[in-house]
Amino acid sequence: MSPDSLHFSLSRRFAIVASVALAAMSLTSCSVGPRYARPAAPAPPAYKELPPDWKTAQPVDALAKGKWWEAFQDPQLNSLEERVDVSNQNLKSAQAAFEQARDIVRINRAGYYPNVSTAPQISRSRLSTDRPNGAAVTQTVYNDFLIPVDASYEVDVWGRVRHTVQQARANAQASAADLETVRLSLHAELASDYFQLRALDAEAQLLDSTVSAYERALELTENRYHGGVASQVDVAQAQTQLETTRAQSIEVRVQRAQLEHAIAVLMGQNPAEFSLPVSPLNVTPPVIPLGLPSDLLERRPDIAASERRMLAANEQIGIATAAYYPTINLNGSGGFESTSITNWFTGPAGFVSGGVSAFQTVFDAGRRHAITDQARSGYDQTVADYRQTVLTAFQEVEDSLAALRLLEQESKTQQGAVDAAQHSLDLSNNRYKGGVTTYLEVITAQSFALSDQRTLVQIAGERMTASVSLIKALGGGWQASSLPNLKNPPTTPSTSAISNSATTSGP
């Protein structure tokens, strides 16, 4: 056979195989499984627990994206928050989980393309002359030089591969939203710990000044005792009040140390190598733009993650439904085989074959039906989880709004209690110095005054942490549009027709 005729023969064989492949691929004009649509979620027209004179945000003044903590205008807090993304180990773990989910998309996307393999081999064999009919073969020693190329391709007629890729893509997007949820939670936890620490600094400052005042009161009482005006009981009571307050000051510093250690760990730093200077809390919560309640569905990463998992569960139904239909595979092989290396790649050494196979399960005792029912039940579960996540999100927003509104009222009321307690203490001191009352009245007034002052400081800290909780409940300025796209493979004519046609539901 001449080289030209050999070339024509091989080309014709490849053309036949390619024609069979194209004919099979042209069957990919339908995809079984339900079409996905995001279920409706309850969203009220307005928030219930709005603080007084609160302004609903417009689209132009919505919560700033990204560094939401800058709204508190605290340079120390800004510096700490910047270190969370760099060193926090929980965040790195969530990042690695997302990267794994993204790699699974690439793994499943490989199903769009043929699987091609080769296994070259060179062998030399000697046949036994004593085998049956061995004398009929004159050549008992021969070489075999083989370069095979095998290709197989599953024709995605029923959309199994497409559903698998879309499911992996949705899971990866859910993992990306989980990453943002972790990031938001860590930043919010650091801000909350920071403001609690600053409130403890203010409380420690109050206790220290109170200890100084009680030391002066003890000195005065001892002088009165030595002068015969006061009793030894008065001295003991003053000493008890002073030591009790000192103990309270130490307890506050224990709590501060624990918060300082927690902040260090959030930044991925050893607590032994981190410290924060004392700085009492002296700020008020900023006004946080809310936006419309319906915007919350796009501003919370946990809601986005739940919605993407609904899509993944919906794609699982399509995968289960595709099992009712035959699996169609294109198979082809070709290459060169010769007994001599000198003519290994010549025309007569070439070979090619191709074919189409179909696999269909005839009886499985209801296994596919059960798998499909399981997939549908799994989807129903994700719908319920999604709606519960939405309800929880609105609850968290309302809780934070109510806390801000009521804490503001409590702060004003508590300030009045502090003023009244201080006035009562001044009267009791004057009465005691004038010999009208016992020192017990002074100690009682001191206790009420200190308790009210500490409560006022604690309320200030709670107002700041409530502001952080509100920002977290609103999603921290995050948007669902920030989810990675994870691009689909190039669209073929057959798949473009699929995207424009209705999807059937299958049996």
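The values are calculated or read from the model by the stated rules, or taken from the named source; none is laboratory data. Treat the numbers as computed from the prediction; the structure is a model and nothing was measured. Every residue, glycine as well, gets a Cβ built from its backbone with ideal geometry; the counts of neighbours run over all protein chains shown. Just so you know, the surface numbers come from the protein's heavy atoms only, side chains and all, with ligands and any DNA or RNA stripped out. Shrake-Rupley method; radii C 1.70, N 1.55, O 1.52, S 1.80 Å.
Brief remarks follow.
- Per-residue SASA remark: THR455, around 40 Å² accessible (1.4 Å probe; ligands, DNA and RNA not included).
- For LYS92, a cut-off of 14 angstrom between C-alpha atoms picks up these aspartates and glutamates, skipping any fewer than 8 places away in its own chain: ASP178, GLU180.
- For GLU81, the shell of other residues with beta-carbons less than 10 Å away shows a net charge of -2, using +1 for Lys and Arg and -1 for Asp and Glu.
- The dipole here belongs to the chain: it is taken about the Cα centre, uses +1 on the Cβ of Lys and Arg and -1 on the Cβ of Asp and Glu, and is about 2180 debye.
- Candidate aspartates and glutamates for bridging to LYS48, where Cα separation is under 14 Å - those fewer than 8 sequence places away on the same chain excluded: GLU396, GLU398, ASP399
- Counting 0.36 nm for each residue step from GLU298 to PHE274 and taking away their Cα separation leaves a gain of 4.9 nm.
- Distance (nanometres) between label positions extended 7 Å along Cα→Cβ at HIS226 and ALA384: 7.8
- Unit charges at the beta carbon, dipole of the stretch 387-465: most positive-side option, ILE459, GLN415, ALA393: GLN415
- If the segment from SER353 to VAL149 were pulled out straight at 0.36 nm per residue, it would be longer than the present Cα-Cα gap by 72.4 nm.
- Between LYS67 and ASN282, the simple spin-label model (points 7 angstrom out along Cα→Cβ) gives 2.4 nm.
- With a Förster radius of 51 Å applied to the beta-carbon distance between GLN258 and ASN485, the computed FRET efficiency rounds to 0.75.
- Once exposed loop trypsin sites (Lys or Arg not before Pro) are cut out (DSSP; at most 14 other Cβ, 10 Å), longest piece of the chain: 68-486
- Per residue of the chain, the DSSP helices (runs of n ≥ 4 H) give a summed -39500 (n - 2.57) that works out to -20500 deg cm²/dmol at 222 nm.
- Euclidean distance of C-alpha centroids, the stretch 272-296 and the stretch 177-245, integer Å: 24
- Accessible heavy-atom area order of ILE371, ILE288, highest first, probe of 1.4 Å: ILE371, ILE288
- Gyration tensor analysis over the Cα atoms of the stretch 201-289 returns equivalent ellipsoid semi-axes of 39, 16, 9 Å (largest first, whole Å).
- In this rough spin-label picture, where each label sits 7 Å from Cα along the Cβ direction, the GLU49-VAL362 distance is 6.5 nm.
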